[in-house]
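Structure, as structure tokens:
The values are calculated or read from the model by the stated rules, or taken from the named source; none is laboratory data. Note that this is a predicted model, so its numbers are computed, not measured. Note that we place each Cβ from the backbone using ideal geometry, even for glycine, and neighbour counts take in every protein chain shown.
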Amino acid sequence: MKKEDIKKLAKNKDFISGIYNYCDRWCERCPFTSRCMNYAMSREYTTDPEASDIDNEKFWQNLSEIFKVTREMLEESAEELGIDIDSIDFEAASQEESIKDKIVENHECCRAAKKYGEMVSELMESEYIPTLRVVGQQERKNTVELKSVDSLIGPAAIEEVVEIIHWYQHFIYIKLMRSVHGTLGNTEDLLEDYPKDSDGSAKVALIAIDRSMAAWTHMHNYFPNLQAQILAILAQLDGLRKRVETIFPEARNFIRPGFDEISSDVS
């Protein structure tokens with residue numbers, strides 16, 4: 001995609017500004033793909049099998065082109081803002097980021113989220129996984145397919161439940177890493193009149209936790225022989241949820257563009 005194409009997309013008033021910053025990246029289940037600039041940009045590559053194949057030369061050509069366009073647009077924006085990119089001490093900035101990364105990794109929320117991901121892998125990769133597959137095939141005959149990750153209140157196909165668990169397994173950790181990282185700089189202090197990105201990222205993580213807990217509750221009902229392991233996972237998630245809500249008390253109130261806004265022009 002060329003720079004001119006990106007600029008043209010950016011002028012499209014149908015797109016919801018910033019909607020992709022606080023989503024769960026699950027485009028297949030999102031009702032707002034027609035309003036998302038990121039989705040529109042990605043379609044050019046995802047519809048081309050060769051461009052989506054990491055082993056194909058076209059994939060790397062497209063990736064190189066994206067980096068080039070990004071660099072050009074960054075230089076243009078810096079020039080407009082009067083910033084000299086060449087004067088930036090990238091080595092010092094890199095060292096500062098490394099220190100922040102260590103702080104983030106050791107944060108209680110991030111450690112708890114990472115532990116949750118490990119607990120999921122341990123259960124899914126254990127001796128019980130064949131049981132999950134067999135029972136899942138049997139149970140599917142008596143259940144209905146999930147149409148939305150938010151509809152986990154009635155019967156649900158076991159494949160759907162497992163898919164939801166896997167989708168958010170590491171996503172929670174990644175979003176909390178971003179959220180905690182956002183509290184370490186002074187950017188949010190400078191933009192105190194604007195909603196905090198750390199709260200927005202924390203909210204997405206909380207939504208993922210809520211959906212994961214609902215999915216694990218279904219798993220608990222499906223597999224009574226795994227109640228102890230599943231209850232331990234639910235306890236881990238519940239503890240993590242409470243930590244996040246305590247550390248980011250305004251996260252639940254964060255208004256995500258598109259998703260949390262009520263507008264007559266949003267389809």
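Observations on the structure shown:
- Failed item in (1) closer than 17 Å to V120 by Cα; (2) at pLDDT 95 or above; (3) surrounded by fewer than 17 Cβ atoms within 10 Å (Cβ to Cβ), with F171 passing the rest: (3)
- Every residue from region 15-42 that is loosely packed, with under 14 Cβ neighbours inside 10 Å, more than 23 Å from S198 (Cβ to Cβ) and under 17 Å from the mean Cα position of the chain (by Cα): E28, P31
- Residue match in region 193-200 (condition: on the phi < 0 side of the Ramachandran plot, modelled with pLDDT of 80 or more, outside any helix (DSSP H, G or I) and in the same structural domain as D238 (by TED's automatic domain parsing)): yes
- Failed criterion for N12 (all others in (1) modelled with pLDDT under 90; (2) surrounded by 12 or more Cβ atoms within 10 Å (Cβ to Cβ); (3) closer than 27 Å to R256 by Cα hold): (2)
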